[in-house]
1. In segment 205-225, which residues are surrounded by 19 or more Cβ atoms within 10 Å (Cβ to Cβ) and either modelled with pLDDT under 90 or hydrophobic (A, V, I, L, M, F, W, C) (or both)?
2. Consider Leu485 against the criteria (1) assigned to a loop (DSSP other than H, G, I, E, B); (2) buried (at least 17 other Cβ atoms within 10 Å of the Cβ); (3) within 25 Å of the chain's Cα centre (by Cα): it satisfies all of them except one. Which criterion is unmet?
3. In segment 578-589, what residues are more than 14 Å from Gly383 (Cα to Cα) and either open to solvent by 90 Å² or more (accessible area, probe 1.4 Å) or at pLDDT below 90 (or both)?
4. Quick check: is even one residue across segment 312-320 modelled with pLDDT of 95 or more and aliphatic (A, V, I, L, M)?
5. Considering Gln28, Gln35, Gln52, which residue is of a type in the set (S, T, N, Q), farther than 27 Å from Ile142 by Cβ and assigned to a strand (DSSP E or B)?
6. Among the residues of segment 411-457 satisfying the criterion of being part of a strand (DSSP E or B) and of a type in the set (Asp, Glu), which is surrounded by the fewest Cβ atoms within 10 Å (Cβ to Cβ)?
7. Quick check: anything in segment 344-351 among the acidic types (Asp, Glu) and in contact with a Phe, Trp or Tyr (Cβ under 6 Å, 6 or more places away or on another chain)?
8. Hand me the list of strands (runs of 3 or more DSSP E) wholly inside segment 67-151 holding 2 or more residues that are within 19 Å of Arg181 (Cβ to Cβ) and at pLDDT 95 or above.
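The values are calculated or read from the model by the stated rules, or taken from the named source; none is laboratory data. All figures in this text were calculated on a predicted structure; none of them were measured in a lab. Reconstructed Cβ throughout: ideal geometry from the backbone, glycine too, with neighbour counts over all protein chains shown. Note: areas computed on protein heavy atoms with side chains; ligands, DNA, RNA excluded. Shrake-Rupley method; radii C 1.70, N 1.55, O 1.52, S 1.80 Å.
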Amino acid sequence: LSEQHGPLRGLVLDLRNNPGGLLRQAIQITDTFLQRGNIVTTVGVGNRLREQMPASPAGTQPDYPIVVLVNQGSASASEIVAGALKNHNRALIIGDTTFGKGSVQNIYPFRDGSALKLTIAQYLTPGDVSIQGVGIVPDIRILPVSITEDSIDLYAGIHVTREGDLSESLTNERARNPDSRPEYVVKYLREEEEEDRDTIRQPNDFEVDFEIDFARQVLLETNGSADRSALLGRARDVIESTTDEQTLAIQERLRRRNVDWARGENIRQPVEVSMTTGNSSNRVNAGESIEVTLHATNRGQRALHQVRAVSDSGYGPLDDVEFIFGRIEPGETRSWTVSIEAPVEDGSRYETVEFHLWAGEVDLEQSHESAMNVVGQPRPHFGFSWWVDDSEGGNGDGMLQVGEDVKFHVRVSNTGPGDAQETIVYIRNESEAALFLRSGRETVEQLTAGAHHESVFEFQVNQRPESGTVGIDVELFDTVFREFLGEEVELPVTLASPLTVTPQTGHLVVTAQRAPMYAAASTETRRVAEAMRDAILTTDRRAGGLYHARWDGGEGWIPEGAATFNPDPASPIGEVHSSLQYQAPIIDLDHTILETNNPSFDVRGVVSDDVSVRDMYVVVTSRVDGRRQQSSKRAYSYLGVASANFTERVELRPGSNRITVVARDEDKITSTADLHVFVHD
C-alpha cells in the first residue's frame, strides 16, 4: 500500500470472521505495528512453562492511526493481534466482542494417518489478561439493525455462541469481567440485498460495507494521532453524526410499519402482557408456521417509549425473537405478530417461552410465560444393498477383475415410517489408485416410506491391492431430516477368472422351497436374496454352475439345482425376498410424555435389528446456566439380541432436555433417536 499510494494516513485491519491461524503468524503481524512491549504470553498448566513474546523495533511501521475490525467470528490468532494492539493503545477496536479462544494447541501426527490435537497452554494478552471464554470487547460496538417484511431485529442477540458457551470450554482466573462494556454503541440500518442465487460471491472481493466506511471516517478525524485513547476521543463527532443519521433511518422504516419509535423518558410502570396464536392449543406441526401475537397494555400513568418484548426459550425458533410496540399511551394496547416456523426435521416437544419487556433501556421487570407444542413428523430410516454389474465392461461373472469397467448398483430402501424428502446417495473411493470413479453421486428427490430406489455408479478397476480387496464407502443422507447411513463395502478383486460365462437367455422357474441367490457366480459370495418355490425369474447368462437372474428389485445368481431353465421369454412373478445388507438398528421411543415435574425420567422404547443389536446408550443434552449446552452419557446396556424392550432412568435438568438414544448393531452401524422432555421447575 505504501509503495502504491505513498505514506499511509491510516489503516483499517479487518479481522472479522477470521478464525485465526498459527501463533507465530499472529506474533509477526502484531510486531509489525509495535516497537516494544510484550505481544503475548503463553502459560502452561499450573503457571509453568511461561513464555513471553516481546515486540522488536526492527521493521516497525510508522505511527499512523489503526482501526481493527472484529466480531464474534474473530478467534484465536486474530484475538492475539487485536488484544495486543488494544492493550498497548496502538489501535482502536471496532465491531463486536470476539469469540474468546485463549488456548494453544499442538498437533501430533501418527503413522496411521490419524493425529492427536492437544491443548498445551493458554495465552495472555499484554497485562497478563486472558480472553478465554469472554473475548475482546471493542471500544466501539457496531450493531446492525434489520427491518424486513418477515422479521425485525433491533437489538443484539441474547444467545450468540462463543467459546464460553461451549460445553467443555476452559476457564481462566485472569479473564476479564465478561460484563465489561464498550465505550460507545452504534446501530445502523442494514439494507437487505436481493441476491441472485446463480451468482457466486467471491469471499476475497473487496466491498466497502458499513463497518469499513465507519472506520474510514473515524481515521479521517484523527488528525494523524496513533494513540488509541486519542482516537476514541476524536471519534465522538463521527459517532454522534452517524447515530443521529441511522436513528432517523430506523425510525422512518418502523413508521412504515405503524410503529412510533421516537425516543422519550421512560419510568418503570406496570404493563399487562398476553399471548395468542392462530391455534387455541398453541400447537404447530413441524414444517409449518404459527402466528404468535403478543399484546401489551400500558397500565401506568405515563406514556412508554420504544417498548419491546424479547422472547427467551430453550427452543431455537422461539428464542430471542423481538416484538416491537413502540410508544404506548396509558390504557392503550399495542400488538405485534411474528410468524414462527417449526423446522420440518424437529421432533415432538413441549416448550415454554418467556417474554421480557423493555422501554428503551429501562427494564420494565414485566414478563409473561406461555407454552408451545410442536408435533414432529414421521422420519425416514435407511437400509441398502449393492451388487456389481460387469456384463458390459467385463466378463459378466459379477466379480471384479483388473481392467474391468463396472456398474455398481446401490438399492436404497426407506424402512422408516416417514418419507425422505431429498436423499443424497454417494460413494467414495477408499482404495486410491486401485479404482477410478466415473460417477459417484445421485440425488433422489423423494423416497416414500417403504419405497426403494436403485442408484447406479460407474468405476474402473485399475489394479489389485495387496489386500486383494478394494473399499468403497457408501453413504446415504437425507438433507431434510438429517438421517444418515454410511458403511465401507469391501469388494474382492480376483485374478483372471477361470469361469466360462455362457449366454443363456430365457426364464427360470424356482424348484427349491427357498432358493438362495448370490452376489456373483460363486456360492462363496454373500447372499443377496431368497427366491420362493414357483417364482419366475428372467436370466441372460450362466457361469460356474449358477444362472444370472433378475427380478423386480435386483439381480443375483441362483444355483442350477434350485431352478429349471426355459428358453421362452416370461415376466418375473412370485416371491423374492431381497436382503438389506446394511441397515442401522430401528429405535421406537415412547413419545407420550413430553413434560414432567420430576427430574428423574424413564426413557422407554424398543430397539431392533434385522440381525442383532449389539448395544445401546443414552445421552442427555440440556442447558446449563441458562445458556451453555452440556451433554453427558447417562446409561449403557449390552444387548446382543435382535429385539429388546428397554427402560432407562435418567436425571434431567429444569427446562428443555434432549434425550438421544444411540443403538449399534454387530457391524457397529449406528442409529439415533431423539426425545425432547421439558422439566418444570
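1. Phe214, Ala215, Val218, Leu219, Thr222
2. All conditions pass for Leu485, except number (1).
3. Hit for segment 578-589 is Asp588, nothing else.
4. no
5. Answer to the selection: Gln52.
6. Glu454
7. Yes, there is a match, as at least one residue in segment 344-351 is among the acidic types (Asp, Glu) and in contact with a Phe, Trp or Tyr (Cβ under 6 Å, 6 or more places away or on another chain).
8. 92-95, 140-147
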